[in-house]
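This report concerns only the one structure given below.
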Amino acid sequence: MTRYGAQFGPNLTFLGVPECDLDDEASYANADVVILGAPFDGGTSYRAGTRFGPRAIRMTDYLPHDGSRPSLALRADGLQDLKVYDAGDVEMYSGEIEVALPTLEAAVEKVVQSGAIPVSLGGDHSIAYPDAKGCANVIGAGRVSMIHFDAHADTGDIEFGSLWGHGQPMRRLIESGAVRGDRFLQIGLRGYWPPPETLDWMSWQNMRSFEMTEIVQRGLRECLTEAFTIATDDCDGVFLSVDIDVCDPGHAPGTGTPEPGGLSARELLDAVRRICLELPVVGLDVVEVSPPYDHADITAALANRVVLEALSAIARKRQDLREGTQWDPLRPLLSERAAPIPEGGIQQHHHTHLGHDQER
Ligand SMILES: [Mn+2]
């Protein structure tokens, strides 16, 4: 499990946050969040490439990698207000799924034991099993609810002769007892998979799965509210698993099994924000970003923002708890900027030469 930076390519941390070493507990003893790369695509059933996901999610941004991102909307800096470290990539060989997944599970467990929130950058969705199991190993079997964004239910039984793959982690989690079926919330399902016998199994587990038609008819906000009620009933935490293919392929083309008709990027970001503001999130993963199929970094940029939105909201939630405040989405952007105008007035710049003294 020794950290050696990124499994592929240069040693990048998520937007420049400091490194930590999972084998050196002192290096993350005060962490609020530890980021883990899961460069794995050995569970994909169709197009691969998610082994390059962690690198793309860490680096795809147009701002400096300075470990700071004050959120315009939330008035919180998820990378500065929280102690966020990046432990690099967990070594995961895509040819050995039964070795790779337990290695990640042990890494996640270490992070949770330290009191920090693990954020896994996938990787294909088979990593959701070790991610949520690693949390449940510490917090308690059946004590962590799951909120799962995906076009696909990922509740297959045996696929291609194997119990392990990116179409099955949710069934394995329920079978293992790590997550209760009746505390399993799925959002964004659509298309033509899984088959009826799998839907029967899901129904027997009392899962609650919101297909896109229901979401469109009732509205995402109302569906989330219902999901939150179930997720917070008799549990100690919530795991958030975001398969980027929950978004429409127009908003997330770089993924292995694209399914038309999904959420917009805006809807996903709003939902992630609300989950992290309102629920006790104990771990999360962002999966199925496949850079070889991406176009203009659309998918990688969205995944980067999903992570930032989650961290910003967690930072804001803790700030509100500390200060007795409450985030108000209706507050205009500049309303809190009540600083007095400096003596001598505001200096006005005039455009003398193109490219100089331009007002920003
Ligand atoms: Mn999935």
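Read-outs: derived from the displayed coordinates by stated rules, not from any lab. Everything quoted here is computed from the prediction, not taken from an experiment. Cβ placement follows ideal geometry from the backbone for every residue including glycine, while neighbour counts extend to all protein chains displayed.
Please compute the net charge surrounding Ile97, taking Lys and Arg as +1 and Asp and Glu as -1 over other residues with Cβ under 13 Å from its Cβ.
Here the charged neighbours net out to -4.
In nm, give the distance between the simple-model label positions of Tyr192 and Gln113, each being 7 Å from the Cα along the Cα-to-Cβ direction.
Going from the Tyr192 label point to the Gln113 one covers 4.7 nm.
As I understand it, the value is the acute angle between the Cα axis of helix 298-323 and the longest principal axis of the Cα atoms of the chain; what does it come to in degrees, rounded to 10?
Its long axis makes an angle of about 70 degrees.
Given a Förster distance of 45 Å, report the FRET efficiency between Glu211 and Ile346 from their Cβ-Cβ distance, rounded to the nearest 0.05.
After rounding, the FRET efficiency stands at 0.25.
Relative to the first principal axis of the alpha-carbon coordinates of the chain, what is the inclination of helix 265-278, with its axis defined by its Cα atoms, in degrees from 0 to 90 and to the nearest 10?
Computed tilt is about 90 degrees.
Compute the label zone of Asn30 within the stretch 56-79: residues whose backbone N is under 16 Å from the point 7 Å along Cα-to-Cβ.
From the stretch 56-79, the list is 79.
Of the chymotrypsin sites (Phe, Trp or Tyr not before Pro) in the stretch 1-80, which ones lie in a loop per DSSP and count no more than 14 other C-beta atoms within 10 Å?
Tyr4, Phe8, Tyr46, Tyr62
Relative to the present Cα-Cα distance, how much length would full extension add between Ser335 and Tyr62 at 0.36 nm per residue of separation?
95.6 nm
What FRET efficiency would be calculated for the residue pair Asp320, Asp234, taking the C-beta separation as r and a Förster radius of 25 Å, to the nearest 0.05?
E(calc), rounded to 0.05, equals 0.50.
Suppose we keep just the DSSP beta bridges with both residues in the chain; what percent of those would be antiparallel, to 5?
Within the chain, antiparallel bridges account for around 5 percent of the total.
Of Pro196, Gln186, Val238, which is farthest along the charge dipole of the stretch 171-316 in the positive direction, counting Lys and Arg as +1 and Asp and Glu as -1 at C-beta?
Ranked along the dipole, the leading option is Val238.
Ratio to report: Rg/Rh of the chain, with Cα atoms as the point set and Rh obtained by the Kirkwood method; give two decimals.
Across the chain, the Cα-based Rg/Rh ratio is 0.99.
Go through Gly219, Ala339, Ser71 and say which Cα lies farthest out towards the positive end of the charge dipole of the chain; charges sit on Cβ, +1 for Lys and Arg, -1 for Asp and Glu.
Most positive-ward Cα: Ala339.
Nearest 20 debye, what's the magnitude of the dipole of the chain about its Cα centre given +1 on Lys and Arg Cβ and -1 on Asp and Glu Cβ?
It comes to approximately 660 debye.
Enumerate the residues in the stretch 271-294 having an amide nitrogen under 20 Å from the point lying 7 Å beyond the Cα of Asp328 toward its Cβ.
Within reach of a label on Asp328, which here means backbone N under 20 Å from a point 7 Å along Cα→Cβ, the stretch 271-294 contributes 274, 277-278.
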